[in-house]
Amino acid sequence: MKNYLFLNKDYFDITIYQYGYEYCKPYHTFGPGMRNHYLIHCILSGTGTYRTTYGNQNLTYQLHAGQAFLIEPNRLVHYYADGENPWEYMWIEFDGMKVQEYLHQAGLGLSSPIYNASVEKGYANFFEPLRYIINTPNLLPVEIIGQTYLFFAELIKSSRNAKKLPKNNLLDFYIQSTIDYIENHYMNEISIEDMAAHLNLNRSYFSKIFKTATKKSPQEFLIQYRINKACELLRDSEMPIIQIAHLVGYNSQFHFSRTFKNVMSISPSEWRKRNQI
């Protein structure tokens with residue numbers, strides 16, 4: 001078994017949490033249980049069973065090498081290896097602004113969580129980027145992210161159920177402009193009204209389209225961006241926490257520390273102890 005954590009949270013389109021490989025023992029099982037983020041398991045050999053739900057339906061899939069299965073966040077699932085021919089698989093856990101779009105293009109979702117290649121052995125190119133990051137230690141974070149983009153590109157290209165997603169250029173422009181605005185002003189006191197005014201949009205309409213596109217409210221996105229920047233400073237510098245708080249837009253160290261703990265589940269000082277270079 002190989003299991004790797006990805007601690008760099010500077011990327012928003014795709015955020016990786018962990019990835020790994022396992023040759024399972026007979027009847028090796030997970031669940032019934034839930035995951036916090038999306039996972040895809042790519043089956044290299046052997047067979048197993050995946051159980052999930054869709055609406056009032058209980059769905060059961062008997063799976064084999066060359067297939068993959070999607071687990072959605074907070075969805076009750078149960079999967080286990082065959083008793084005589086247990087599966088060997090790779091997995092990656094992820095989330096992010098573009099994830100639902102990429103999965104939709106690949107034809108994967110709650111009602112269709114199983115990947116099948118459109119041509120015989122067409123899964124090979126889809127599996128390869130994930131295999132590469134698992135088998136190549138000490139890659140830079142940007143290399144891992146790059147291979148993950150290739151992973152999703154090959155998923156979409158090779159999926160039997162792939163579909164094209166209609167493009168909304170105006171919506172993309174609004175979202176990218178908001179992200180650019182946050183990148184340039186996160187260290188200042190900015191509000192949702194400021195972001196909406198930057199685009200000449202009504203506040204409620206702006207909040208609605210932003211959450212539709214990113215699955216986060218503008219305020220949630222801003223907080224996550226500030227905490228990511230704070231993590232960089234905690235990891236790479238010796239600056240006092242109060243100074244870091246001011247640099248990422250918090251006038252109060254108490255407010256910053258409370259927000260940091262809400263997002264990261266530990267205090268800034270504890271995070272620094274565990275991650276400082």
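From most to least packed by mean Cβ count within 10 Å, the peptides 221-228, 209-216 give 221-228, 209-216. Just to be sure I understand the curve: with the Debye formula and one point per C-alpha of the chain, what is log10 I(q)/I(0) at q = 0.12, 0.14 Å⁻¹? Log-scaled intensity ratios, in q order: -0.86, -1.10. Taking every alpha-carbon pair under 8 Å whose residues sit at least 6 apart, region 153-245 reaches a relative contact order of 19 percent.
Counted residue by residue at 0.36 nm each, then reduced by the alpha carbon distance between them, the extension gain from residue 267 to residue 112 reaches 51.8 nm. A Cβ-based charge dipole, computed about the Cα centre of region 67-152 with Lys and Arg at +1 and Asp and Glu at -1, lands at about 180 debye.
Carbon and sulfur: what percent of region 57-120's accessible surface (1.4 Å probe)? Please list the in-between numbers first.
Numbers: 1100 of 2590 Å².
Its accessible area is 43 percent carbon and sulfur atoms.
Packing around the peptides 31-39, 242-250, taken as the average count of other Cβ atoms within 10 Å per residue, puts them in this order, highest first: 242-250, 31-39. Comparing 131, 160, 203 in a Gaussian network model of the chain, where Cα atoms under 10 Å apart are tied by springs, the biggest mean-square fluctuation is seen for 203. Think of region 42-175 as having a plus end and a minus end, set by charges on the Cβ of Lys, Arg, Asp and Glu; of 99, 83, 65, 99 sits farthest toward the positive end of this dipole. Taking the helices alone, the chain has a mean residue ellipticity at 222 nm of -13500 deg cm²/dmol, built from -39,500 (n - 2.57) per DSSP H run of at least 4 residues and averaged over all its residues. As a length-normalised measure over Cα pairs under 8 Å and 6 or more apart, the relative contact order of the chain settles at 15 percent.
Between beta-carbons, use under 13 Å as the cut-off and find the net charge around residue 20, counting Lys and Arg +1, Asp and Glu -1. Value of the local net charge: -1. Which of 107, 146, 48 ends up with the largest GNM mean-square fluctuation for the chain, with Cα atoms connected below 10 Å? The residue with the greatest mean-square fluctuation here is 146. Checking the a/c ratio against 1.5 first, then a/b against b/c, what shape does the Cα gyration tensor give for region 5-130? Rounded, because the longest to shortest axis ratio a/c is under 1.5. Mean silhouette area of region 1-58, derived from the convex hull of its C-alpha atoms and averaged over all directions, reads 5.7 nm². In the context of the full set of protein chains, residues of the chain present 53 Å² of accessible surface per residue (probe radius 1.4 Å, heavy atoms only).
With only alpha-carbon atoms in the gyration tensor, what are the semi-axes of the equivalent ellipsoid for region 139-277, in Å, largest first?
Equivalent ellipsoid of region 139-277: 30, 24, 12 Å, largest first.
Here region 171-240 has 49 percent of its accessible surface on carbon and sulfur atoms, given a 1.4 Å probe and all protein chains in place. Residues whose amide H falls under 5 Å from that of residue 187, counting only those 5 or more places apart or on a different chain, are absent, with hydrogens built in the peptide plane. A cut-off of 5 Å between modelled amide H atoms, ignoring neighbours fewer than 5 places along the same chain, links residue 96 with 15. Dipole check for the chain: with +1 at the C-beta of Lys and Arg, -1 at the C-beta of Asp and Glu, and the Cα centre as origin, the magnitude is about 480 Debye.
Within the chain, the longest run free of exposed loop sites, counting GluC sites (Glu not before Pro) that sit outside DSSP helix and strand states (H, G, I, E, B) and have at most 10 other Cβ atoms within 10 Å, spans 1-83.
The values are calculated or read from the model by the stated rules, or taken from the named source; none is laboratory data. Predicted, not measured: the structure shown is a model, and the values here were computed from it. Virtual Cβ from ideal backbone geometry, glycine too; neighbours counted across all protein chains shown. Quick note on the areas: whole protein, heavy atoms, side chains included, nothing else; ligands and nucleic acids left out. Shrake-Rupley method; radii C 1.70, N 1.55, O 1.52, S 1.80 Å.
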